[in-house]
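The values are calculated or read from the model by the stated rules, or taken from the named source; none is laboratory data. Since the model is a prediction, treat every value here as computed from it, not as a measurement. A quick note on method: Cβ atoms are made from the backbone with ideal geometry, for glycine too, and the neighbour counts reach across all protein chains shown.
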Amino acid sequence: MSDANAEQARIAALLSQMTLEEKVGQLLQVPAGGGHVPELLRRAVSEGRIGSVINEVHVDTVNELQWLATRQSRLGIPLLVGRDVIHGFTTVFPIPLGQAASWNPALVTLGARVAAREAAAVGVNWTFSPMVDIGRDPRWGRVAEGYGEDPYLTGVMGAAAVRGYQGASLADVGSIAACAKHFAGYGASESGRDYNTTNIPENELRNVHLPPFKAAIDAGVATLMTSFSDLNGVPASANALLLTQILRDEWAFDGMVVSDWESIRQLAVHGFTANDRDSAFEAATAGVDMEMTSTTYADHLAALVRDGHVSMQRLDTMVSNVLRLKFRLGLFENPYTDASHFPEAACAEHLQAARDAAVESLVLLKNDHVAHEAVTAPVLPLALDRLSSLAVIGPLADDPHDQLGTWIFDGDAQYSVTTLQAIRAHCQAHGQADGGHGVAVHYARGVATTRSRDRAEFAEAVAVAERSDAVVLVLGEEAILSGEAHCRADVTLPGVQEELIAAIAATGKPVVLVLMAGRALAIERVVPHVQALVYAWHPGTMGGAAIADVLFGAASPSGKLPVTLPRVTGQIPMYYGHKHTGKPATHDTVVHIDDIEARAPQLSVGNTSFHLDVAHTPLFPFGYGLSYGTIEYANITTSHSTLTPDGSITVSADVINTGHRAADEVVQLYVRDVVGNVTRPVRELKAFEKVHLLPGERRLVRFTLTADHLAFYGRAMRRMTEPGQFHVWIGGSSTTDLRTEFVLSA
Ligand code: NOJ
């Protein structure tokens, strides 16, 4: 018998013994007691009326629950133990948006593996990660949890995370089930307000929002979670187009679908159903297998089946999806957790992995040359032998908690290395190695929190800058300003931080700004004041050490933006893969509000697509990021001028480091489908590779494209390719102009 048949036979054998109540029980996920087993839960688990618990991380309690489930209940079915392990467990990695900035899927896999090991050590066997929602609106707080604005990058990173959590086999010690969420369209919440309505034309849904879910499924993701939001009028938790037609019929997904927290009961709050019974009916028939925390299935599903509204066959399918996962996790054979099989949480190896991930997540956006004793050199890396003192300023410079970011239920700030700690340690070590040339580190907070409007500490911060040779300012957004339900209408730096930057800049000292944030911030007013800018996201436990590695040159920055940085909030949504429009803005067609004469005639401003009061371009484009090398691109060529439908074509270019320092560079390939039966994005990322380049090194980088890379959903909502002309670019960001072209033949 094949493995699949054997699995099916086990499921069928178990199903055939289950009562209706036991079947419904498998579809219920309930909150655990947090360190003890409450009496009601004990009884329910012992009677086989619970399929899963959420939020239990005490290993003894998890083992007790598994004992009740497997030894006390009639059929001995173990429990799924779910937890939000989003970017690390005890050891916190950069927020997913920061991990995406590394453009290094291997690091994402390793981070997920470490998280899985630490979580599995306490008995967790299912994480609600990765979030693969497309984040094109940084007002939405949950952009922190995703991999940015691009479907391809998000898909690659989501798949990388799935591989890390689930390992080679779900049954391996240290593997846990992953969950791609939130299916689907959540990132398009109106106005960036969490949980809000989404209206996404099916064509855009299929071309932009769904591909990362498909990528996660292709990587073997065990489960999917539905979105809180409604999609084109039908809440995702009762959306048969998503949950049945696309997920099961088109994609043949054989994993399990869980609702979001109470999202089935909320179907009535949406005004989509009249009551809990209808909500249970709609969710069950649309395709939600397990209900997270609300109790509409517990209260009504058995009756719906008895009354014939929900067929037994449908119920059996739902239960089979749950049982299949439990079999695949090996829980029937090994329900218990022995913590001694796992490395210590936050052990040296895990901390090193977090540091490596944080280093590669840092994006260098600006690095001006400054004059120093007749020579000019970039501000970064900071040359300690040319400094005698360094100011470290800002509320995030020495905050072990806020550098961890959102969703860190189990993160432990006692392991955090802050930027101030790491800079002090580095300067001290340098002083000792240098036989006494110490660099004094002066610290001031500047403001109490990133939100504070109190300027009382400005004077001290300015004084600290005055008596130092250079300034490292660590500002941004505290962890609590992004994540679920933490959305902002104005994505500039909160509080009086812009004023603080201006006050420090007025000292004339070179200023290195390190920004920690859970989203793309609109920092147009800030950038001119600083000589260097490092975008650090929320970098996690080892964030400070990683920042010091980059500031002092132990590592060259290699991150690239996974999101566009807008100039001002009003430009949102602003993303590189937009449509061309019939009247695209160009430098020659835009007019600024200040340049319009009084009573100018209506047609004098150029009729193209732009705002009058801000440039039509972003502040920093998707894919952008500098290093300590000097990277140039040349000689783009294709192996053939024509790509046949079943052939392949190689696109290559030289990437050269003309600088004096080794660097890693993310080489990116974009295409444009010049004419489509539906309008196509101006550019789409199709491939990337991170390469290491020694000073002076020239490397030929090659990418192979097939027709499948060029496929998209056309007017008929079928995945297709269209013969015709394609432009292709290779370069270091989405605005590279190194272009060639080829034709896809019929
Ligand atoms: C609600 C969130 O939307 C989801 O992402 C999370 O996994 C669940 N709650 C469980 O905590």
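With Val464, Val441 as the choices, which residue is in the same structural domain as Phe409 (by TED's automatic domain parsing), in a strand (DSSP E or B), touching a strand residue (DSSP E or B) at 6+ places or on another chain (Cβ under 6 Å) and modelled with pLDDT of 95 or more?
Val441
Summed over region 248-275, residues that are surrounded by fewer than 18 Cβ atoms within 10 Å (Cβ to Cβ) and polar (S, T, N, Q) total 1.
Among the residues of region 281-300, write down those that are on the phi > 0 side of the Ramachandran plot and either hydroxyl-bearing (Ser, Thr, Tyr) or surrounded by fewer than 22 Cβ atoms within 10 Å (Cβ to Cβ) (or both).
From region 281-300, those on the phi > 0 side of the Ramachandran plot are 287, 293; that's our starting set.
Thr293, the sole residue that qualifies.
Hey, which of the strands (runs of 3 or more DSSP E) in region 342-415, taking only ones fully inside, have at least 1 residues that are among the hydroxyl-bearing types (Ser, Thr, Tyr)? Please lay out each step first, then the result.
Details: elements: 363-367, 369-372, 375-378, 389-393.
The strands (runs of 3 or more DSSP E) meeting that bar are 375-378, 389-393.
Considering only region 415-429, I want to know if a residue exists there that is farther than 16 Å from Phe552 by Cα and of a type outside the set (A, V, I, L, M). Yes, some residue in region 415-429 is farther than 16 Å from Phe552 by Cα and of a type outside the set (A, V, I, L, M).
What residue, among those in region 530-584 that are polar (S, T, N, Q) and within 18 Å of the chain's Cα centre (by Cα), is nearest to Leu107 (Cα to Cα)?
Taking region 530-584 and keeping what is polar (S, T, N, Q), we get 531, 541, 556, 558, 564, 569, 571, 581.
From what is left, the residues that are within 18 Å of the chain's Cα centre (by Cα) are 541, 558, 564.
Working: Thr541: 15, Ser558: 13, Thr564: 22 Å.
Among residues in region 530-584 that are polar (S, T, N, Q) and within 18 Å of the chain's Cα centre (by Cα), the one nearest to Leu107 (Cα to Cα) is Ser558.
Determine if region 382-405 includes at least one residue that is modelled with pLDDT of 95 or more, crowded, with 20+ Cβ neighbours inside 10 Å and either of a type in the set (Ser, Thr, Tyr) or not assigned by TED's automatic domain parsing to the domain that holds Ala448 (or both). No, the conditions are met nowhere in region 382-405. Can you report the number of residues in region 354-379 which are under 19 Å from His692 (Cβ atoms) and not basic (Lys, Arg)? Within region 354-379, residues that are under 19 Å from His692 (Cβ atoms) and not basic (Lys, Arg) number 9. Of the candidates Phe128, Phe93, the single residue that is out of contact with any Lys or Arg (no Cβ under 9 Å at 6 or more places or on another chain) and of a type in the set (Phe, Trp, Tyr) is Phe93. The condition of being out of contact with any Asp or Glu (no Cβ under 7 Å at 6 or more places or on another chain), crowded, with 16+ Cβ neighbours inside 10 Å and closer than 30 Å to Val392 by Cβ holds for only one of Thr541, Thr617, that being Thr541.
For region 28-52, how many residues are farther than 16 Å from Val81 by Cβ and either assigned to a helix (DSSP H, G or I) or in contact with a Gly (Cβ under 6 Å, 6 or more places away or on another chain) (or both)? Steps first, please.
Taking region 28-52 and keeping what is farther than 16 Å from Val81 by Cβ, we get 39-40, 43, 46-49.
Then keep just the ones that are either assigned to a helix (DSSP H, G or I) or in contact with a Gly (Cβ under 6 Å, 6 or more places away or on another chain) (or both); that gives 39-40, 43, 46, 48-49.
Residues meeting the conditions: 6.
Which of the residues belonging to region 47-67 are polar (S, T, N, Q), away from the ligand (no atom under 16 Å from the Cβ) and surrounded by fewer than 18 Cβ atoms within 10 Å (Cβ to Cβ)? Of everything in region 47-67, just one residue is polar (S, T, N, Q), away from the ligand (no atom under 16 Å from the Cβ) and surrounded by fewer than 18 Cβ atoms within 10 Å (Cβ to Cβ), namely Asn63.
Of the residues examined, Arg163 is not one that is in contact with a Ser or Thr (Cβ under 9 Å, 6 or more places away or on another chain) and either among the acidic types (Asp, Glu) or within 16 Å of the ligand (Cβ to nearest atom) (or both).
Among the residues of region 112-127 satisfying the criterion of being of a type in the set (Gly, Ala, Ser) and either within 15 Å of the ligand (Cβ to nearest atom) or at negative phi (or both), which is surrounded by the fewest Cβ atoms within 10 Å (Cβ to Cβ)? Spell out how you get there, then give the answer.
Our first condition is that a residue be of a type in the set (Gly, Ala, Ser); within region 112-127, this holds for 112, 115-116, 119-121, 123.
Filter once more, keeping what is either within 15 Å of the ligand (Cβ to nearest atom) or at negative phi (or both): 112, 115-116, 119-121.
Values: Ala112: 29, Ala115: 30, Ala116: 27, Ala119: 27, Ala120: 26, Ala121: 23.
Filtering first and then ranking leaves Ala121.
Counting only helices (runs of 4 or more DSSP H) that sit wholly inside region 53-124, those with at least 1 residues that are touching a strand residue (DSSP E or B) at 6+ places or on another chain (Cβ under 6 Å) and of a type in the set (Gly, Ala, Ser) are 96-101, 105-120. For Ser73, state whether it is more than 30 Å from Ser416 (Cα to Cα), at pLDDT 95 or above and within 13 Å of the ligand (Cβ to nearest atom). In short, no. Report whether or not His578 is surrounded by 15 or more Cβ atoms within 10 Å (Cβ to Cβ) and farther than 21 Å from Gly731 by Cα. When the stated conditions are applied, His578 does not pass them. Report whether or not Asp278 is surrounded by fewer than 17 Cβ atoms within 10 Å (Cβ to Cβ), out of contact with any His (no Cβ under 7 Å at 6 or more places or on another chain) and over 30 Å from Asp60 (Cα atoms). Spelling it out, it is not the case that Asp278 is surrounded by fewer than 17 Cβ atoms within 10 Å (Cβ to Cβ), out of contact with any His (no Cβ under 7 Å at 6 or more places or on another chain) and over 30 Å from Asp60 (Cα atoms).
Applying the criterion of being among the hydrophobic types (A, V, I, L, M, F, W, C) and under 9 Å from Pro212 (Cβ atoms) to the residues of region 128-152, the residue that is nearest to the ligand (Cβ to nearest atom) is Val132. Across region 88-106, the qualifying residues are those that are under 9 Å from the mean Cα position of the chain (by Cα) and under 27 Å from Met292 (Cα atoms), and the one among them that is nearest to the ligand (Cβ to nearest atom) is Pro96.
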